Number of protein chains: 4
Amino acid sequence: MKYNVKSSLSYRVNMPTTFIFNIHALKTSNQTIWEEHLNLEPSMKIEEYNSHDDSSRFVRLKVHKPIDFSLSYSAVVEVTPNIIYENNSKKSIAVQKLDSYIASFLYPSRYCQSDKLMKFAYKEFGDVETVYDKVVAITNWVNGNIDYVSGSTNSQTSAMDTITERAGVCRDFAHLSIALCRALSIPARYFTGYAYQLKPQDFHACFEAYMDGQWILFDPTGLAPLNGFVKIATGRDAADSAVTSIFGNATGTGIEVNCELAEGNFEGFKYDHNHLGVSYG
Amino acid sequence: MKYNVKSSLSYRVNMPTTFIFNIHALKTSNQTIWEEHLNLEPSMKIEEYNSHDDSSRFVRLKVHKPIDFSLSYSAVVEVTPNIIYENNSKKSIAVQKLDSYIASFLYPSRYCQSDKLMKFAYKEFGDVETVYDKVVAITNWVNGNIDYVSGSTNSQTSAMDTITERAGVCRDFAHLSIALCRALSIPARYFTGYAYQLKPQDFHACFEAYMDGQWILFDPTGLAPLNGFVKIATGRDAADSAVTSIFGNATGTGIEVNCELAEGNFEGFKYDHNHLGVSYG
Amino acid sequence: MKYNVKSSLSYRVNMPTTFIFNIHALKTSNQTIWEEHLNLEPSMKIEEYNSHDDSSRFVRLKVHKPIDFSLSYSAVVEVTPNIIYENNSKKSIAVQKLDSYIASFLYPSRYCQSDKLMKFAYKEFGDVETVYDKVVAITNWVNGNIDYVSGSTNSQTSAMDTITERAGVCRDFAHLSIALCRALSIPARYFTGYAYQLKPQDFHACFEAYMDGQWILFDPTGLAPLNGFVKIATGRDAADSAVTSIFGNATGTGIEVNCELAEGNFEGFKYDHNHLGVSYG
Amino acid sequence: MKYNVKSSLSYRVNMPTTFIFNIHALKTSNQTIWEEHLNLEPSMKIEEYNSHDDSSRFVRLKVHKPIDFSLSYSAVVEVTPNIIYENNSKKSIAVQKLDSYIASFLYPSRYCQSDKLMKFAYKEFGDVETVYDKVVAITNWVNGNIDYVSGSTNSQTSAMDTITERAGVCRDFAHLSIALCRALSIPARYFTGYAYQLKPQDFHACFEAYMDGQWILFDPTGLAPLNGFVKIATGRDAADSAVTSIFGNATGTGIEVNCELAEGNFEGFKYDHNHLGVSYG
């Protein structure tokens, strides 16, 4: 599918501050960028980078003095996610065979303290047969046991908070799911993107679990069709792949996000025994 | 200097378990391995890897059934750390100029929740002039305010625990120092190694801070000479560079570590206005 | 002094909910109530109680169905706090001589985890000579190291959060101070009241420490004169003496507080070597 | 039943330290002490107290210099717990009708952060019909979801740790159960005592929930018969009713506990539709 995506972020800067923004659509074999524009108001020097592991294209901006600014991004992106029709995942991942890059997604991270959730994860999901079924069970459990409550959490909220307080937003749903996967030795990573048909429109966060040689996308919030994403970044958790990281002192003053179909007809992915999931490569 | 290093780790395995061991001396332009041996008792298949970013050489071992085993490593390693005679670090790091790999060490991680320590770090160290002086101040503050108490912490202890409970071991001293550096936008990473003249002999953990184009080693415990290390691994924190990571269920039953001079005379590094630190590359 | 105090609290109730309100001025040998009115809109049955240890006069209200309501209280209260001119406090409290009621304020509580702050408290304040000087040092330390930031915390924030995050409101300043006192075996309790000359007008929270046979008031925020309080309640912490405790589900929709002089001239208490503090009995 | 209870506690004192010991059998209308002895080796001055709310009889001991000491207690105690044959508890507690002393057990406390577990408790137990059935469901849930693992926790472990880490000892089982009750507006308190047929013999901790006018005992560990307890103390949680509270610095060097039948035959309480629980008054 081809999408028009747009986002606009405004900040009030209170002291010299560096920003890292993850808002660009990623370039992958499944995702082609036909056109894109980045605009900064007022005009300042802004630098674009690829992360060292190609998991994001980000921009860094140093603001030297107190001002208000807006950053806008728009792009036309064609995405062809792979539909997963078959699942040959085993009872467990053979950790000793994992590539060392993939294995790095087994470790606990800032917001995903998998080392503290081992017993819980084994009790709740240890008996589920395959890795695929375990991840589906985790996704359903998070969906059923955590309330989606806008504004209930902040940038310091982690999986340990969410599993006890039982409320959060997409970022928190993703962090808890990732922590539970890693607690069962399943590599899992944070995924952020634009999401078609998400209401209200915003950046969205989900997670990917690794099994049978590929990363498969899961959305514990169930708020958007799995095949309607434009991938921005993946990472260990929101610590390294948040939409915005701020080094200094600034206040968000506005955000607008939009993802529309550029052409064609969209049919939302639905799970059944032949449609097991979606992969963005 | 040339060192003979040895380590031996014993475990009782209770169920099928995968181990990742970071005990090999790293190969770097400052560190040459003349000889090394790895021995596993009883004999099992064990695989050696380089981490994807060359920050460690690790072995993975899958144990399929309950047994007791021992892993021993010995090596002859020549190390030539760089002594830092000059410091041109500025008042702050220009985050927007950092290489994206180095910038990844600005983010909070599992045991180093720098995002929660911003105010504390600014209040305590914000006025210190240069980046070098800030890191020295952090190292001294941690040394002076945290008690070294063997057995006071465990593998889940993080910087947030240590800053309030004020006790820990080398791992905890390193985590808190790293968190405080990152809270001031100074890239910092976990460093683990063999340490000559450490008493009692054990694996040691310190941290490296990045400034003026290089990673400089700091040891907030002050328990070993800075120029007597054999580097094993660096990482975001102990989550990805601990000596042992266990995926399954096993109990440590013994550990022996030794680092001796293989030849020559050793003179321990001492700070003065001409000797500002040590870098292992 | 004689004060006119007023408060008005509005709530939207979402499901059957019980409220406990601590808004009445307490009756003590230092505090006389000349007149008071309680008004509930719409009219509902409301019951007044004394807490079992006479530390508060509270009202309980059961709201059976979703409505909006307002509770208003006004009173004319005469208060004669004792000024402390002398301090015979010793180097430490003789815990074994304390009355068992007073000793109960040595224990850690929900928001004052003194058991986790022992090492910190000893390192920072252990060498200060007398109990009085220790409590003054704690009050000054909290005042100097914690930023007063409206809205930075919520009803779950505890001393452990505040000591690391270094920001909060009066409730948080009080909780941290109490925890530090208890960590040094000094009985300390939460104090809530109306405060003359507090800007902007609101309920205020401070703490009392026990020494030399009496409870002395300290205000780590320094936002109101120590001799201008009308006492509402004391307790272990905000868990049992918050202005409002809600058992059910309701949202605050408005709050107004006022404390004015009813007659006479007020001279704010200032610390000097003859004016060591204020006690409300 | 009549029991012979004994306990002996040994400590190494490192600096001047005050101890509070809760080891005496309580005197209640259900519990008569026929004989008791307290012995301190070496001999020191020791004072006995009743807590201000008669919830414990405790001794305080000030040790002025580093020594080793042992405290031994023995008693012959007759206990006649009430068996509960009927349950008229309603769907919920009418908080507004509670005596203010009983209502104080609704508040969150140091180790029972009920305010953080509201959503979890409502989701898991909100639909259970009566208060009695809710508490039984909580007891069974804790028993089924938490592993009893000696040594897995320490004196700082709270309900928030236990609900995520899923392991603990009797104290942790009690704290989590209490927090879940309070989150549902059911008054609940910590109960500590000697327990007949507990293996291995030790002090035991359970909890009491208040309903239908009485405090009923529940043991989420299921390790001892409910009708075989000799009550020592009740409290908000282990913060105010732990067997030992230490103000200073001392290390436990030994503990022995014993509870034997002094005469007669004991038949352990078993739940059935006519035997709903046990109350110690």
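Which residue out of B:152, B:114 is surrounded by fewer than 20 Cβ atoms within 10 Å (Cβ to Cβ), under 29 Å from residue B:203 (Cα atoms) and either facing another protein chain (nearest Cβ under 9 Å) or under 21 Å from the mean Cα position of the chain (by Cα) (or both)? Spell out the reasoning first.
Details: B:114 fails: surrounded by fewer than 20 Cβ atoms within 10 Å (Cβ to Cβ).
Every option except B:152 fails the conditions.
Among the listed residues D:51, D:10, identify the single one that is in contact (Cβ under 8 Å) with a residue 12 or more places away in the chain, small (Gly, Ala, Ser), assigned by TED's automatic domain parsing to the domain that holds residue D:74 and under 22 Å from residue D:254 (Cβ atoms).
Values: D:51 fails: under 22 Å from residue D:254 (Cβ atoms).
Of the residues listed, the single one that is in contact (Cβ under 8 Å) with a residue 12 or more places away in the chain, small (Gly, Ala, Ser), assigned by TED's automatic domain parsing to the domain that holds residue D:74 and under 22 Å from residue D:254 (Cβ atoms) is D:10.
State whether the residues of the stretch D:118-134 include one that is within 23 Å of residue D:235 (Cβ to Cβ), touching a Ser or Thr at 6+ places or on another chain (Cβ under 8 Å) and either polar (S, T, N, Q) or surrounded by fewer than 20 Cβ atoms within 10 Å (Cβ to Cβ) (or both).
no
If you take the residues of the stretch B:39-71 that are in contact with a His (Cβ under 8 Å, 6 or more places away or on another chain) and hydrophobic (A, V, I, L, M, F, W, C), which of them is farthest from the other protein chains (Cβ to nearest Cβ)?
Applying the first criterion (in contact with a His (Cβ under 8 Å, 6 or more places away or on another chain)) to the stretch B:39-71 yields B:48, B:53, B:56-59.
Subset that is hydrophobic (A, V, I, L, M, F, W, C): B:58-59.
Numbers: B:58: 8, B:59: 10 Å.
It comes out as B:59.
Go through the stretch B:83-111 and report how many residues are within 8 Å of another protein chain (Cβ to nearest Cβ) and without any contact (Cβ under 8 Å) to a residue 40 or more places away in the chain.
In the first step, residues of the stretch B:83-111 are kept if they are within 8 Å of another protein chain (Cβ to nearest Cβ); the result is B:94-96, B:99-101, B:103-104, B:106-110.
Right, trim to without any contact (Cβ under 8 Å) to a residue 40 or more places away in the chain and you get B:94, B:96, B:99-100.
Of the residues in that region, 4 qualify.
Just the residues that are polar (S, T, N, Q) and either under 18 Å from the mean Cα position of the chain (by Cα) or closer than 22 Å to residue B:218 by Cα (or both), please, taken from the stretch B:235-281. Break it down into steps so the answer makes sense when it comes.
Of the residues in the stretch B:235-281, the ones polar (S, T, N, Q) are B:241, B:244-245, B:249, B:251, B:253, B:258, B:265, B:274, B:279.
If the condition is that a residue be polar (S, T, N, Q) and either under 18 Å from the mean Cα position of the chain (by Cα) or closer than 22 Å to residue B:218 by Cα (or both), then B:241, B:244, B:245, B:258, B:274, B:279 are the ones that fit.
Return yes when residue D:167 is under 20 Å from the mean Cα position of the chain (by Cα) and surrounded by fewer than 23 Cβ atoms within 10 Å (Cβ to Cβ) and no when it is not.
yes
List the strands (runs of 3 or more DSSP E) that sit entirely inside the stretch C:13-103 and contain at least 3 residues that are surrounded by fewer than 20 Cβ atoms within 10 Å (Cβ to Cβ), of a type in the set (Asp, Glu) and at pLDDT 90 or above. Steps first, answer last, please.
Working: elements: C:17-21, C:31-41, C:46-50, C:57-63, C:68-79, C:82-84.
Here the list reads C:31-41.
Could you say whether any residue in the stretch D:131-148 is of a type in the set (Val, Ile, Thr) and within 14 Å of chain A (Cβ to nearest Cβ)? Let's see the steps before the verdict.
Taking the stretch D:131-148 first, the residues of a type in the set (Val, Ile, Thr) are D:131, D:135-136, D:138-139, D:142, D:146.
Checking the rest, the ones that are also within 14 Å of chain A (Cβ to nearest Cβ) come to D:142, D:146.
There is at least one residue in the stretch D:131-148 that is of a type in the set (Val, Ile, Thr) and within 14 Å of chain A (Cβ to nearest Cβ).
So which residues in the stretch C:155-207 are over 28 Å from residue D:248 (Cα atoms), within 14 Å of chain B (Cβ to nearest Cβ) and hydrophobic (A, V, I, L, M, F, W, C)?
Of everything in the stretch C:155-207, just one residue is over 28 Å from residue D:248 (Cα atoms), within 14 Å of chain B (Cβ to nearest Cβ) and hydrophobic (A, V, I, L, M, F, W, C), namely C:167.
One line per residue, one yes/no per condition, for (1) in contact (Cβ under 8 Å) with a residue 60 or more places away in the chain; (2) within 14 Å of chain A (Cβ to nearest Cβ); (3) touching a Ser or Thr at 6+ places or on another chain (Cβ under 7 Å):
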position: B:228; (1), (2), (3): yes, no, no
position: B:233; (1), (2), (3): yes, yes, yes
position: B:242; (1), (2), (3): yes, yes, no
position: B:248; (1), (2), (3): yes, yes, yes
position: B:270; (1), (2), (3): no, no, no
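This table checks each residue for (1) within 21 Å of the chain's Cα centre (by Cα); (2) of a type in the set (Gly, Ala, Ser); (3) farther than 30 Å from residue B:247 by Cα.
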residue	(1), (2), (3)
A:37	no, no, yes
A:49	yes, no, yes
A:61	no, no, yes
A:64	no, no, yes
A:86	no, no, no
A:126	no, yes, no
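Just the residues that are within 18 Å of the chain's Cα centre (by Cα) and within 14 Å of chain C (Cβ to nearest Cβ), please, taken from the stretch D:13-25.
In the first step, residues of the stretch D:13-25 are kept if they are within 18 Å of the chain's Cα centre (by Cα); the result is D:20-25.
Hits for the stretch D:13-25 are D:20, D:21, D:22, D:24.
From the list A:157, A:162, A:130, which residue is in contact with a Lys or Arg (Cβ under 7 Å, 6 or more places away or on another chain), within 30 Å of residue A:225 (Cβ to Cβ), of a type outside the set (D, E, K, R) and assigned by TED's automatic domain parsing to the domain that holds residue A:190?
Values: A:157 fails: in contact with a Lys or Arg (Cβ under 7 Å, 6 or more places away or on another chain); A:162 fails: in contact with a Lys or Arg (Cβ under 7 Å, 6 or more places away or on another chain).
So the residue among A:157, A:162, A:130 that is in contact with a Lys or Arg (Cβ under 7 Å, 6 or more places away or on another chain), within 30 Å of residue A:225 (Cβ to Cβ), of a type outside the set (D, E, K, R) and assigned by TED's automatic domain parsing to the domain that holds residue A:190 is A:130.
The values are calculated or read from the model by the stated rules, or taken from the named source; none is laboratory data. Every value quoted in this text rests on a predicted model; they were computed, and no experiment measured them. Because the Cβ atoms are built from the backbone with ideal geometry, glycine has one as well, and the counts that use them run over all protein chains shown.
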